[in-house]
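Since the structure comes first, as C-alpha cells, the remarks are kept for the end.
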Amino acid sequence: MTGRSAASKTTSKTKRGRKAAPKRPAIDAERHRESYRQMLRIRVFEEHANELYLTAKMPGLTHMYAGEEAVAVGVCDALRRDDFITSTHRGHGHCIAKGAQLDLMFAELLGKAAGYNRGKGGSMHIADQENGNLGANAIVGGSAGIATGAALSARMRGTDQVVACFFGEGALGQGLLYEVMNMAQLWKLPVIYVCENNLYCEYTHFEETTAGAILDRPHAFGIHAVEVDGQDYQAVRSVADELVARARRGDGPSFLLANTYRYFGHHVGDIQRDYYRSKDEESHWKSERDPITLYGAWLQEHDAASVDELAAIETEVRDEAQRAADFGLEAPYPDESEVTLHVFA
C-alpha cells in the first residue's frame, strides 16, 4: 500500500496547525477611486466658488459644502440615476454627487444662460432633473415636502424609485418636516430623510437650538433611524445601501443622522468665526477628520490607489474645475427678452 507523499503530509499538518491569515475581501478599486474623485470635485468646486465671490465675480451669496463631501457622495452612490434627491441652500455637493456637470453649475452661479436654470436660479436653486436632482431650496427644510411628494409619486406610479431628502439640523425646527415624516410613515413611502448635522445653525451651536435627542424625532413616528460618522465615506455608503434597499422593498421611510462639519462659514461672507466657534475646533476637524484625507488613506491601505494615483486624480479634477470656471465666466448672460420667460400669470 502506497503511503502519502511528504508534501501531502506537510500540507495536512499545516491545515491542522496554524490557521492561514484571513484574506482581505476583494474591493472594486475603480468604483472607490471614482467616489474619491467625486468628493474631490465637490471640494475643488467650492474652492473656486469661494474665490469667485471674494473677487466680486459672482453675484449674491453662496453656502459652501466643503467638509461634508462623504455624506453627499456616500448617499448618492447608493442611488440610481432615476432615483431622486432634494437639496438645501448648502446644495452644491448634493448636485455634483448626483451627476451634475461643473461647467453648467458655474454658469448657473454666475447668472449665465448656459446654467442649469438659464442663470435665473443661482446657487440656492440649482436643479438637474435629468440626474434626478429636483432642486436646491433656500427655505430651511423647504424641500421635505417636495421629497415626500416625489416618494408618493413613485408609489402611485408603481416604480421602485427612492428619494433622498437632504437637510441640515436647523430644519429640525421646521414643522413641515414632522408633517411629512408622519405621512411618509403612515403610507410607507420610499424616502430617506438625511439630516446633515454640521453642528451649527448659522452661528449657533445646534445644542442651543435643538431640544432633546435628534433621533428621538423619527423614533416618535416609528421611523427606522440610523446615526453615522459623516466623515467616513465607507460608513455612510454602507448605511445608505441598507436604507435604499429597504425603501425599494417597500419597507417605508428611514432617517439618517450624519454627523459632519462645514469648513467655511455659514455663507461665503462669514469669514471671522471666532465669536461662535474656535480656530482649534476648525483645525481639529480639518487635520484629523477630513473625509477626503481619511478616504484616501483607506484607498492606500486597501491597495485601491497609490499616492501617485491619488495625486493624478487631484490634478485632473483641478484642471476640470478650472476649465469649468472659465466656461462660466466666459458664457453669455441671458437675453433681456427672457425676463418674462417661465413667468406665468
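The values are calculated or read from the model by the stated rules, or taken from the named source; none is laboratory data. Note that this is a predicted model, so its numbers are computed, not measured. Cβ atoms come from the backbone with ideal geometry, glycine included; neighbour counts cover every protein chain shown. All accessible areas refer to the heavy atoms of the entire protein, side chains included, with ligands and DNA or RNA removed. Shrake-Rupley method; radii C 1.70, N 1.55, O 1.52, S 1.80 Å.
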Please tell me if E281 is part of a helix (DSSP H, G or I), modelled with pLDDT under 95 and not aliphatic (A, V, I, L, M). yes
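Being open to solvent by less than 10 Å² (accessible area, probe 1.4 Å), over 30 Å from Y193 (Cβ atoms) and either at pLDDT 90 or above or not in a helix (DSSP H, G or I) (or both) is true for just one of A114, A49, A26, A107. Which residue is that?
Details: A114 fails: open to solvent by less than 10 Å² (accessible area, probe 1.4 Å); A49 fails: over 30 Å from Y193 (Cβ atoms); A26 fails: open to solvent by less than 10 Å² (accessible area, probe 1.4 Å).
On inspection, the qualifying residue turns out to be A107.
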Of all residues in segment 132-176, how many are in contact (Cβ under 8 Å) with a residue 12 or more places away in the chain, assigned to a helix (DSSP H, G or I) and open to solvent by 20 Å² or more (accessible area, probe 1.4 Å)? 7
Evaluate segment 69-84: report whether one residue or more is at pLDDT 95 or above, farther than 19 Å from L110 by Cα, acidic (D, E) and over 11 Å from the mean Cα position of the chain (by Cα). yes
Number of positions in segment 271-283 that are open to solvent by less than 50 Å² (accessible area, probe 1.4 Å) and not acidic (D, E): 3
Quick one: in segment 284-321, of everything that is under 18 Å from N259 (Cβ atoms) and either without any contact (Cβ under 8 Å) to a residue 24 or more places away in the chain or among the hydrophobic types (A, V, I, L, M, F, W, C) (or both), which residue is least open to solvent (accessible area, probe 1.4 Å)? I292
Can you confirm whether segment 188-197 contains a residue that is in contact (Cβ under 8 Å) with a residue 12 or more places away in the chain and more than 28 Å from R31 (Cα to Cα)? yes
Residue check for R249: surrounded by fewer than 18 Cβ atoms within 10 Å (Cβ to Cβ) and farther than 23 Å from T204 by Cβ: yes
